[in-house]
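These notes are about the structure you will find just below.
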Amino acid sequence: MKRNLIIVLFLVVAAAAGYYWFAGENTPFSKDNALYKAVPVSAPLFIEFNSMGAIPSGNLVINEMQEAGIANSWFEFLQKSDSLIQITEDLPGNLRNNPFILAFGISGRNELVPLITTKAESQNKQLAYELLIQKLYPSGSFSYTEKEYGKHTITEIAPAGGGESLFYSFANGFLLVSSKSIVIEQVLRQMSTRGILKNPYFTEVSRTTANTGISIFLNHAWINSFLANILTRSATSLTDEFGAIRRNQPAVKAEKFRDFASWSGLDLRLGNNQINFSGLSAADDSLNHFLAVFNNQQPVRFRAEDLLPQNTSFFCSYAFSGKNAFFERLENYFAHSGNYYHREERMKRFDQGFRGNVRTIFQELVKDEVIVAATTIPVNPENKTVYFIVHTESRATAEEQLKRLLNNYAVRNGLEPGQLVSEYSMNNEVRFPVYRFPFPSFPGLWMGSPFAMVDARFVSFYNNAMVFSNSEQGIHEYLRNMSIGNTLSKDTRYQRFRQSSSNRANIHVFADVNKAYGFRNELFTPGILRQMEDKEESIRKFGMMSWQVQCDKGAFTNSMIIDFLSDNANNAQTTWQTVIGSNIATKPQLVVNHHDPANREIIFQDEQHNLHLVSQSGLSRWILPLSGPVLSEIHQVDYYKNGRLQYLFNTKEKLYLIDRNGNNVAHFPVTFQSPATNGVNVFDYHNNRDYRYFVAGENNRVYAYDGTGKIVTGWKFDKTESTVTTPVQHFRVDGKDFIIFKDKSKIYIQDRQGETRVSVSEQFSNSKNPLVLNLNGTPKIVATDTGGKVYYIFFDGKTEEKKTARFSENHFFTVDDLDGNDIPDFIFADGNEVTVMDENGKKLFSQKLDRPIGHQPNIYTFATGLKKVGVIDAASNRIYLFNPNGKLHQGFPLYGNSEFTIGKLSDSSTGLNLIVGSEGGKLYNYTLN
């Protein structure tokens, strides 16, 4: 049996599932304390449940575990045992309903060994269990060896071909089964005592667990033995402000959990989409248990979700109704801990540096909550952004006190106070002071674990929140997110998740598994990491987790919820989300900010015909109402030829040119002579900013405008036979310029004056899709007819028909070389299906979506020879990105209902940004690997 956190969690789930599967038999589970005598006193945890029955079919959590091959040996054992009991006449059927305990004993250096205990008080029941064991392990394949241990007999069952043995013993009315004899021997030695029953804290929590259902018990004094199998002892190091090396070893840090409480008992409930734990923890301040710090505190409405950004991966909040009593007990807790003298020495150095009692000052500033949090964890968790937030009584008072402390520090160190402050400006109207905090280790020493994860180098304020971060960029991101209302509380998935939990607590711990997944490299042992890599897809379906502790009349109530995502959308995480107010109608485009070329901006139109410009940080720069939908791509031109760029686009009635501030340029907009039927395209033949704008009208004319918006007199083209609905295109092949467009039945290949340059030898009914230039092999234009047949149109006028499958008149089409083999690939989207084939008609892949595809597939270049296909299922609010082999890019599908752009918002970005609109009028910025 694998001994790691994931497997143990799934064993718990399996146990719960077994209970609910057999609850239909209406067999009451009578809580029998006698079973507790057979629990090893050093067991860090054990699970009490009522049935050895089969695992339920149809439960999404269980199905996911079985598909992933997780704990299969456990499932198979339970299923096989249950089947044998049902079909073997010699076995009494009530064996299926016997309660039992799964405990974990300790062998050697913290090796966890499973032990199953159930009652076998009668001779008949012992015989029944022996018969079941012989059926499970027939003598022809296994050898049985007995040994005496005191007054008892331990039987070893060994596979004939070698392998791990199983041991069992009957003693004092119990059946004990384990994979190691030493654990059974430990239980036999304690049989003459009451074992854990003599512990008053265990007795307290066991009385409160349900009489039916599944219960999990944690022995905090021994919990390190469990955690040592999971958490790494490898250390990351950081030099603190005094030049000392701070080592972070997760396994060592977790040892403090033994002082959290004495015992905890939790009842478990399992649904298709959630796992719920609830129960009590017993703590005593005379034993210096941390939970006792919250004695007599009332649960407080926590504000963490309103003070943290949407890309929060983890937070821990301490909330208290009486701060003086809380901090008095907290100081008493540290006074009796092993770290007391180191903490006091550091606090004195803080006081000396600031010339004030820092603890007292901060205790006076805080209102009722302190928070530590991290945003989405990157691949290298050392680069994570972490926040420490103090909910203050008054921002003005807190900022005044901070300035006083910093001024004292500056004077003491020969600095100007201005050297410790900078300004973050979101725009000309919104500015925030950002202070450099000289003692980054203060939050961890003041509040203890887990606040020690903060390296608080910078601090600022937003409303009454005093916010520290490990980087100046982290502070900037926080202020931007708060300013645009991008808080965790507004995340729709978080809102759904929070419906199952209370809004009041004294301790609240939250984690988003997918956003925090990068933290695994810093937390877990190599063995656990390997198993997580194998099971990553399944693990990521456990979405959000919440653990709340409430103090109520001296009792500490736990509530834990784990969310299961049967639909694993949104694995890639949003760096930010901005509420636009109306769904996005056009493809968001990354555009150059000529004032800051290293950082791009985003421009798009919403369904209310408003044009938006959004900064690279998600802040709206301006909104410009238009009279109708934008028909074209939004082009950037340098109208004044001075390096300052403007935006050119068209609606049905007008040609617009606006500057970066949203103002019309010169005499624009220009009203068309005939309403436009396609999007304007911009050509700069010689790259000298002498632009030409081409657009077609309802009168079947194709118009050419110069850079100032005037009709080009040298353009001689007359009329097309029918309406042109796709953009006019300019291709340069072998040094010649070709102006190309099409109507329903004809393709026009003209020169720069509008004269026919190439006559196409064959006519066909053109589809609605744009013409595509393909340079693989002989240069050619690629088009499809209304039935999806592909045509190559060469620049000598000859055509070649390519054999493909049949598609509907409404199909979408484009062509590109996806895998870099210099052979064109045809990409079709028709109905709800995406089909990719090579130029010879060989299907490369086909994928079906839930709903019809409403936009042309877009092609995204990730590397030389690697392009991917993006499609949108707008009705389901899902976007897809397919690799050349048809497999989805990791993390997809994602939430979104518009065409999307992939690129870099900033030159300093380590990953790619995906910008897309989503339901509810939101703009998402995802970060892709």
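Looking at 229, 248, 199, can you tell me which residue is open to solvent by 20 Å² or more (accessible area, probe 1.4 Å), closer than 26 Å to residue 277 by Cβ and at pLDDT below 85? Before you say what the answer is, go through the steps one by one.
Numbers: 248 fails: closer than 26 Å to residue 277 by Cβ; 199 fails: at pLDDT below 85.
Criteria check complete, one pass: 229.
Out of everything in the stretch 512-535 that is of a type in the set (A, V, I, L, M, F, W, C) and within 21 Å of residue 252 (Cα to Cα), what residue ends up being least open to solvent (accessible area, probe 1.4 Å)?
Within the stretch 512-535, the subset of a type in the set (A, V, I, L, M, F, W, C) is 513, 516, 519, 523-524, 528-529, 532.
Then keep just the ones that are within 21 Å of residue 252 (Cα to Cα); that gives 516, 519, 523-524, 528-529.
Values: 516: 22, 519: 42, 523: 50, 524: 37, 528: 7, 529: 43 Å².
For the stretch 512-535, the residue satisfying everything is 528.
Which residues, counting only those in the stretch 514-531, are closer than 16 Å to residue 543 by Cβ and among the hydrophobic types (A, V, I, L, M, F, W, C)?
516, 519
Mind checking which pairs have a first residue in the stretch 690-713 that is under 13 Å from residue 638 (Cα atoms) and a second that is assigned to a loop (DSSP other than H, G, I, E, B) and hydroxyl-bearing (Ser, Thr, Tyr), Cβ under 6 Å, 6 or more apart or different chains?
The qualifying pairs are 707/691.
With (1) more than 30 Å from residue 35 (Cβ to Cβ); (2) open to solvent by 60 Å² or more (accessible area, probe 1.4 Å) as the list, and residue 221 as the residue in question, which single condition is left unmet?
Result: residue 221 passes all but (1).
Being surrounded by fewer than 24 Cβ atoms within 10 Å (Cβ to Cβ), aliphatic (A, V, I, L, M) and at pLDDT 85 or above is the filter here; which residues of the stretch 910-929 pass it?
912, the sole residue that qualifies.
Quick test of your reading of the structure: residue 500 fulfils all but one of (1) over 16 Å from residue 314 (Cα atoms); (2) open to solvent by 40 Å² or more (accessible area, probe 1.4 Å); (3) assigned to a helix (DSSP H, G or I). Name the failing condition by number.
Single failed check for residue 500: (3).
Please verify whether residue 246 is over 29 Å from residue 498 (Cα atoms), out of contact with any Cys (no Cβ under 8 Å at 6 or more places or on another chain) and outside any helix (DSSP H, G or I), treating the condition exactly as stated.
On the way: over 29 Å from residue 498 (Cα atoms): yes; out of contact with any Cys (no Cβ under 8 Å at 6 or more places or on another chain): yes; outside any helix (DSSP H, G or I): yes.
Criteria met by residue 246.
Name, by its number, the condition in (1) at pLDDT 85 or above; (2) open to solvent by less than 30 Å² (accessible area, probe 1.4 Å); (3) within 25 Å of the chain's Cα centre (by Cα); (4) over 23 Å from residue 311 (Cβ atoms) that does not hold for residue 544.
Every listed condition holds for residue 544 apart from (4).
Could you grab the pairs with beta carbons closer than 8 Å, sequence gap of 6+ or different chains, first residue in the stretch 398-420 and under 17 Å from residue 458 (Cβ atoms) and modelled with pLDDT of 95 or more, second one of a type in the set (Val, Ile, Thr) and not in a helix (DSSP H, G or I)?
Between residues of the stretch 398-420 that are under 17 Å from residue 458 (Cβ atoms) and modelled with pLDDT of 95 or more and residues that are of a type in the set (Val, Ile, Thr) and not in a helix (DSSP H, G or I), the close pairs are 398/390; 398/392; 402/459; 406/421.
The rows are residues; the columns are (1) more than 30 Å from residue 670 (Cα to Cα); (2) under 50 Å from the mean Cα position of the chain (by Cα); (3) β-branched (Val, Ile, Thr).
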residue: 713; (1), (2), (3): no, no, yes
residue: 717; (1), (2), (3): no, no, no
residue: 720; (1), (2), (3): no, no, yes
residue: 732; (1), (2), (3): no, yes, no
residue: 746; (1), (2), (3): no, yes, no
residue: 755; (1), (2), (3): no, no, no
residue: 775; (1), (2), (3): yes, yes, no
residue: 789; (1), (2), (3): yes, yes, no
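For the condition farther than 19 Å from residue 256 by Cβ and open to solvent by less than 50 Å² (accessible area, probe 1.4 Å), what is the one hit in 323, 348?
Numbers: 348 fails: open to solvent by less than 50 Å² (accessible area, probe 1.4 Å).
One residue alone meets the criteria, 323.
Take residue 189 and decide whether it is free of Cβ contacts under 8 Å to residues at least 60 places away in the same chain, more than 38 Å from the chain's Cα centre (by Cα) and more than 30 Å from residue 138 (Cβ to Cβ).
Values: free of Cβ contacts under 8 Å to residues at least 60 places away in the same chain: yes; more than 38 Å from the chain's Cα centre (by Cα): yes; more than 30 Å from residue 138 (Cβ to Cβ): yes.
For residue 189, the condition - free of Cβ contacts under 8 Å to residues at least 60 places away in the same chain, more than 38 Å from the chain's Cα centre (by Cα) and more than 30 Å from residue 138 (Cβ to Cβ) - is met.
Taking the residues in the stretch 624-661 that are assigned to a strand (DSSP E or B) and at pLDDT below 95 as candidates, determine which candidate is surrounded by the fewest Cβ atoms within 10 Å (Cβ to Cβ). Break it down into steps so the answer makes sense when it comes.
Keep residues of the stretch 624-661 that are assigned to a strand (DSSP E or B), which gives 624-625, 635-637, 646-650, 654-658.
Then drop every residue that is not at pLDDT below 95, which leaves 624-625.
Values: 624: 17, 625: 8.
Only one residue tops the list, namely 625.
Testing residue 193 on (1) open to solvent by 10 Å² or more (accessible area, probe 1.4 Å); (2) at pLDDT 90 or above; (3) among the hydroxyl-bearing types (Ser, Thr, Tyr), one condition comes back false. Which one is that?
Against the list (1) open to solvent by 10 Å² or more (accessible area, probe 1.4 Å); (2) at pLDDT 90 or above; (3) among the hydroxyl-bearing types (Ser, Thr, Tyr), residue 193 comes up short only on (2).
In the stretch 232-244, is there at least one residue being open to solvent by less than 30 Å² (accessible area, probe 1.4 Å) and among the acidic types (Asp, Glu)?
Initially, the stretch 232-244 is screened for residues open to solvent by less than 30 Å² (accessible area, probe 1.4 Å), giving 232, 240.
Of the ones still in play, those that are also among the acidic types (Asp, Glu) are 240.
Yes, the conditions are met somewhere in the stretch 232-244.
Can you confirm whether residue 462 is surrounded by 20 or more Cβ atoms within 10 Å (Cβ to Cβ) and not β-branched (Val, Ile, Thr)?
no
Within the stretch 371-387, can you find the residues that are surrounded by 23 or more Cβ atoms within 10 Å (Cβ to Cβ) and among the aliphatic types (A, V, I, L, M)?
Once the filter is applied, which keeps residues that are surrounded by 23 or more Cβ atoms within 10 Å (Cβ to Cβ) and among the aliphatic types (A, V, I, L, M), the stretch 371-387 yields 371, 372, 373, 374, 377.
Residues are listed down the side, and each one gets a yes or a no for (1) modelled with pLDDT of 80 or more; (2) open to solvent by 30 Å² or more (accessible area, probe 1.4 Å); (3) farther than 30 Å from residue 661 by Cα:
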| residue | (1), (2), (3) |
| --- | --- |
| 558 | yes, no, yes |
| 577 | yes, no, no |
| 587 | yes, yes, no |
| 590 | yes, yes, no |
| 598 | yes, yes, no |
| 605 | yes, no, no |
| 609 | yes, yes, no |
| 613 | yes, no, no |
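Would the stretch 540-551 turn up any residue that is farther than 23 Å from residue 302 by Cβ, assigned to a helix (DSSP H, G or I) and not acidic (Asp, Glu)?
No: the stretch 540-551 contains no residue that is farther than 23 Å from residue 302 by Cβ, assigned to a helix (DSSP H, G or I) and not acidic (Asp, Glu).
Which one of 169, 107, 141 is modelled with pLDDT of 90 or more, surrounded by fewer than 19 Cβ atoms within 10 Å (Cβ to Cβ) and small (Gly, Ala, Ser)?
141
Of the numbered conditions (1) in contact (Cβ under 8 Å) with a residue 40 or more places away in the chain; (2) surrounded by fewer than 16 Cβ atoms within 10 Å (Cβ to Cβ); (3) touching a helix residue (DSSP H, G or I) at 6+ places or on another chain (Cβ under 8 Å); (4) not polar (S, T, N, Q), residue 340 fails exactly one; give the number of that condition.
Among (1) in contact (Cβ under 8 Å) with a residue 40 or more places away in the chain; (2) surrounded by fewer than 16 Cβ atoms within 10 Å (Cβ to Cβ); (3) touching a helix residue (DSSP H, G or I) at 6+ places or on another chain (Cβ under 8 Å); (4) not polar (S, T, N, Q), residue 340 violates only (1).
The values are calculated or read from the model by the stated rules, or taken from the named source; none is laboratory data. Here the structure is a predicted model, which is why all the values come from computation and not from measurement. Don't worry about glycine lacking a Cβ; one is built from the backbone with ideal geometry, like all the others, and counts go over all protein chains shown. Surface areas here come from the heavy atoms of the whole protein model, side chains and all, with no ligands, DNA or RNA. Shrake-Rupley method; radii C 1.70, N 1.55, O 1.52, S 1.80 Å.
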